[in-house]
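Colleague: One structure, as structure tokens, below. Some questions next.
The values are calculated or read from the model by the stated rules, or taken from the named source; none is laboratory data. The structure displayed is predicted, hence computed values, not measured ones. Reconstructed Cβ throughout: ideal geometry from the backbone, glycine too, with neighbour counts over all protein chains shown. The area values use the complete protein model at the heavy-atom level, side chains included, leaving out ligands, DNA and RNA. Shrake-Rupley method; radii C 1.70, N 1.55, O 1.52, S 1.80 Å.
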Number of protein chains: 2
Amino acid sequence: VLAEDGERALQYGPPFAPLQATIARLMQSRGADVSPDQVFLVTGAQQGLHVAARLLMDFDSAAVVDEFVFTGVRQAFGGPDRTLVEVKWDPTHGLDSRSFESAVSAAPTPRAAVVIPEFHNPLGASLSEDARRAVLDAASRAGVPIIEDDPYGLLSFDRPPRAPLLAAAPDRVLYLGSFSKIIAPSLRLGWIVAPEALIDRLRVLKESVDLECSAFTQRTTALYMEEFGLESHLVRVRAEYRIRRDAMLAALEADMPTGTRFSRPEGGMFVWVELPEGLDTLRLLAEAVKVGVAFVPGGAFASGPSPRTMRLNFSNADPGTIAEGIGRLGQLVAGQPLPS
Amino acid sequence: VLAEDGERALQYGPPFAPLQATIARLMQSRGADVSPDQVFLVTGAQQGLHVAARLLMDFDSAAVVDEFVFTGVRQAFGGPDRTLVEVKWDPTHGLDSRSFESAVSAAPTPRAAVVIPEFHNPLGASLSEDARRAVLDAASRAGVPIIEDDPYGLLSFDRPPRAPLLAAAPDRVLYLGSFSKIIAPSLRLGWIVAPEALIDRLRVLKESVDLECSAFTQRTTALYMEEFGLESHLVRVRAEYRIRRDAMLAALEADMPTGTRFSRPEGGMFVWVELPEGLDTLRLLAEAVKVGVAFVPGGAFASGPSPRTMRLNFSNADPGTIAEGIGRLGQLVAGQPLPS
């Protein structure tokens with residue numbers, strides 16, 4: 001990149017048009033009719049959430065979020081005078097459609113509904129076809145824009161990646177994509193797909209946050225995809241993550257006590273686990289780290305306590321390590337003594 | 001960087017400690033007693049402004065800013081329900097101390113005063129010793145924290161870089177530094193120096209904006225400074241920018257009509273020009289771009305009209321181009337016909 005056009009790669013500059021075009025094609029390949037001018041680059045999808053919240057919310061607005069959701073959503077859409085209306089989780093449909101409908105219909109009308117339709121963080125769940133329809137219909141009836149957070153949608157192991165909600169409702173969905181989970185987190189590069197009429201307002205909002213995305217990173221990412229192809233990389237990543245997911249699900253099945261429930265993600269990076277009554281994952285974590293196992297207690301994703309739940313990550317360890325880790329966790333949960 | 005530790009350079013991770021240590025040494029070399037734990041990395045100094053504003057301001061707070069200041073300050077500290085109390089410019093002292101004192105003493109008490117002590121954008125001015133003392137005293141008496149925005153402080157041509165205001169008041173100054181103007185804008189990397197007690201709150205605020213700074217960029221920047229040394233680079237940059245500044249001041253002296261006033265910056269990138277009565281830089285710009293000359297009309301930096309003023313940049317063109325450009329501008333201003 002530096003050899004090709006070092007001066008522009010190191011300077012301030014407008015968005016790198018070839019990258020916008022590549023992202024538009026990526027979206028088109030998933031059935032969303034996106035033009036390059038609708039692609040607004042951000043410093044990762046978290047910045048997409050932040051900028052979307054600043055676009056849509058006042059200091060005292062309400063937004064709809066999942067009852068369990070990664071902290072970044074609560075940070076971007078919450079605030080001392082704001083209200084977060086929560087949607088209940090449903091293990092079969094990814095979310096409880098009635099709960100979603102009631103949330104978007106709350107008074108005062110929420111300014112946005114954050115939906116993670118594929119391979120949810122932390123739930124590992126994907127919306128069923130029924131839930132997707134219900135979400136689009138309810139949000140449309142209530143006049144609430146959808147923020148579709150989709151960093152994991154391309155990490156689909158058991159089926160082709162689904163069309164984003166954006167494809168069905170391009171005027172009512174702000175779509176957030178990210179290279180963090182499909183190329184590398186340290187690119188700090190993601191994108192918003194928005195109606196063209198909103199792009200100028202997004203630009204002003206992003207300018208106030210960090211001016212613009214790195215020209216060097218934009219060009220590096222575009223060249224990487226041009227030279228090596230994103231799809232061949234994704235084929236490898238999906239195959240490897242699938243093996244790791246299978247290892248984790250098999251180990252959970254084998255090693256966790258009766259009464260444990262867990263999601264069976266078709267992609268992404270996370271499994272959500274609910275332990276039997278009486279267990280406390282916060283206390284469990286303190287014991288687990290002593291034997292080299294870490295996870296995130298479910299309460300970190302909720303507005304209230306959630307003592308029996310936890311999020312496990314399967315993408316960042318090999319299958320043997322996963323099996324060993326879940327085995328140790330199972331022994332702790334069962335209250336059995338661990339080999340020292 | 002990738003060869004050394006590619007995995008960590010591409011992943012999420014904590015701040016890169018060697019970079020924090022290098023920045024702390026850089027601050028120490030300017031007389032500020034800064035520990036690495038006080039160095040908080042941000043995605044450029046603009047993000048420093050944004051995060052500082054979120055730390056200190058509510059939706060309806062007031063802040064003190066210069067009457068002429070680059071848009072990023074107004075964007076970060078302004079807002080529909082916020083008040084920006086303006087400080088008058090003084091060409092000799094960099095700002096009018098009485099105006100600053102009256103601004104920080106306004107009711108309700110401003111939550112922050114943004115000060116650019118060195119090579120101001122857009123004024124090109126630096127605070128005199130008297131003005132520095134007056135600013136520190138008045139802010140201290142009023143109990144208003146100072147946001148010291150200092151992206152240009154190391155680009156000092158005629159004297160050694162001054163100690164930042166931070167050095168005199170480490171508990172009452174949030175200092176913002178940046179690599180954009182001393183290495184490259186596309187690094188998107190800057191830093192806040194803050195009291196250690198505030199670092200955790202800054203971390204939570206930054207997480208909500210874009211999680212963290214790129215691990216790759218942090219390591220690249222640290223390695224660049226370790227291998228090549230920032231100072232030898234700065235020596236070259238200062239020498240070249242000094243030549244360009246001198247070319248611009250000489251051309252302004254020679255080619256602009258009597259009654260034109262301009263700042264004589266001792267560093268940085270900008271000269272502030274005030275044309276004689278009756279001229280309008282917005283109309284001038286429309287003519288100037290036709291003959292290949294661009295500048296920013298002063299009104300872009302003010303809350304009200306400022307028809308006679310403009311900001312010129314001298315860092316981004318060679319001396320011959322600068323002389324030619326100012327010559328053309330002088331002809332336009334004088335209303336003389338241009339050679340076609």
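Colleague: If a residue must be open to solvent by 10 Å² or more (accessible area, probe 1.4 Å), within 11 Å of chain A (Cβ to nearest Cβ) and hydrophobic (A, V, I, L, M, F, W, C), how many such residues does segment B:177-214 contain?
Modeller: 5
Colleague: Go through segment A:34-86 and report how many residues are more than 29 Å from A:Phe216 (Cβ to Cβ) and away from every other protein chain (no Cβ under 14 Å).
Modeller: Total meeting the criteria: 9.
Colleague: Residues to consider are A:Gly330, A:Gly304, A:Gly299; find the one that is among the small types (Gly, Ala, Ser), open to solvent by 20 Å² or more (accessible area, probe 1.4 Å) and touching a Pro at 6+ places or on another chain (Cβ under 8 Å). Spell out how you get there, then give the answer.
Modeller: Values: A:Gly330 fails: open to solvent by 20 Å² or more (accessible area, probe 1.4 Å); A:Gly304 fails: touching a Pro at 6+ places or on another chain (Cβ under 8 Å).
Answer to the selection: A:Gly299.
Colleague: Additional query: Out of segment B:1-33, which residues are open to solvent by less than 40 Å² (accessible area, probe 1.4 Å) and either more than 14 Å from chain A (Cβ to nearest Cβ) or touching a strand residue (DSSP E or B) at 6+ places or on another chain (Cβ under 8 Å) (or both)?
Modeller: Within segment B:1-33, B:Leu19, B:Gln20, B:Ala21, B:Thr22, B:Ile23, B:Ala24, B:Leu26, B:Met27, B:Arg30, B:Ala32 qualify.
Colleague: Please give the number of the condition B:Leu223 fails out of (1) crowded, with 19+ Cβ neighbours inside 10 Å; (2) within 30 Å of A:Ser180 (Cα to Cα); (3) away from chain A (no Cβ under 14 Å).
Modeller: All conditions pass for B:Leu223, except number (1).
Colleague: Next question. Restricting attention to segment A:10-47, which residues are over 16 Å from A:Met225 (Cβ atoms) and small (Gly, Ala, Ser)?
Modeller: Scanning segment A:10-47 gives A:Gly13, A:Gly31, A:Ala32, A:Ser35, A:Gly44, A:Ala45.
Colleague: Hey, any hits in segment B:122-132 for a residue that's out of contact with any Cys (no Cβ under 9 Å at 6 or more places or on another chain), open to solvent by 40 Å² or more (accessible area, probe 1.4 Å) and touching a residue at least 12 places away in the same chain (Cβ under 8 Å)? Don't jump to the end; show me each part of the working.
Modeller: Going through segment B:122-132, the residues out of contact with any Cys (no Cβ under 9 Å at 6 or more places or on another chain) turn out to be B:122-132.
After this cut, where a residue has to be open to solvent by 40 Å² or more (accessible area, probe 1.4 Å) as well, the list is B:129-130.
Keeping just the survivors that are touching a residue at least 12 places away in the same chain (Cβ under 8 Å) gives B:130.
Yes, segment B:122-132 has at least one match.
Colleague: Here's another thing I want to ask about it. Going by the structure shown, is B:Thr309 open to solvent by 40 Å² or more (accessible area, probe 1.4 Å) and either of a type in the set (Val, Ile, Thr) or free of Cβ contacts under 8 Å to residues at least 24 places away in the same chain (or both)? Show your work before the answer.
Modeller: Details: open to solvent by 40 Å² or more (accessible area, probe 1.4 Å): no; either of a type in the set (Val, Ile, Thr) or free of Cβ contacts under 8 Å to residues at least 24 places away in the same chain (or both): yes.
So B:Thr309 fails the test.
Colleague: Is there a residue being open to solvent by less than 20 Å² (accessible area, probe 1.4 Å), over 19 Å from B:Leu211 (Cα atoms) and in contact (Cβ under 8 Å) with a residue 12 or more places away in the chain anywhere in segment B:42-55?
Modeller: Looking through segment B:42-55, none of the residues is open to solvent by less than 20 Å² (accessible area, probe 1.4 Å), over 19 Å from B:Leu211 (Cα atoms) and in contact (Cβ under 8 Å) with a residue 12 or more places away in the chain.
Colleague: If a residue has to be surrounded by 14 or more Cβ atoms within 10 Å (Cβ to Cβ) and under 20 Å from A:Lys181 (Cα atoms) to count, how many in segment A:312-327 make the cut?
Modeller: Matching residues across segment A:312-327 total 7.
Quick grid of which residues meet (1) among the β-branched types (Val, Ile, Thr); (2) within 21 Å of B:Gly124 (Cβ to Cβ):
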| residue | (1), (2) |
| --- | --- |
| B:Pro297 | no, yes |
| B:Thr309 | yes, yes |
| B:Asp318 | no, yes |
| B:Leu329 | no, yes |
| B:Ala334 | no, no |
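Colleague: Which of the residues that make up segment B:225-253 are within 23 Å of the chain's Cα centre (by Cα) and among the aromatic types (Phe, Trp, Tyr)?
Modeller: B:Tyr241
Colleague: With the requirement that a residue be free of Cβ contacts under 8 Å to residues at least 40 places away in the same chain and either surrounded by fewer than 19 Cβ atoms within 10 Å (Cβ to Cβ) or within 14 Å of another protein chain (Cβ to nearest Cβ) (or both), what does segment B:102-111 give you?
Modeller: Hits for segment B:102-111 are B:Ser102, B:Ser105, B:Ala107.
Colleague: Restricting to segment A:261-292, name every residue that is surrounded by fewer than 19 Cβ atoms within 10 Å (Cβ to Cβ) and in a loop (DSSP other than H, G, I, E, B).
Modeller: Across segment A:261-292, the qualifying residues are A:Arg264, A:Glu266, A:Pro276, A:Glu277, A:Gly278, A:Asp280, A:Val291, A:Gly292.
Colleague: Quickly run through segment A:56-77 and pick out the residues that are of a type in the set (Gly, Ala, Ser) and crowded, with 24+ Cβ neighbours inside 10 Å. Please lay out each step first, then the result.
Modeller: To start, the set of residues in segment A:56-77 that are of a type in the set (Gly, Ala, Ser) comprises A:61-63, A:72, A:76.
Scanning segment A:56-77 gives A:Ala63, A:Ala76.
Colleague: With the checklist (1) among the polar types (S, T, N, Q); (2) open to solvent by less than 40 Å² (accessible area, probe 1.4 Å); (3) more than 21 Å from A:Leu155 (Cβ to Cβ); (4) out of contact with any helix residue (DSSP H, G or I) (no Cβ under 7 Å at 6 or more places or on another chain) in hand, flag the one item A:Thr258 doesn't pass.
Modeller: Here A:Thr258 meets the rest and fails (2).
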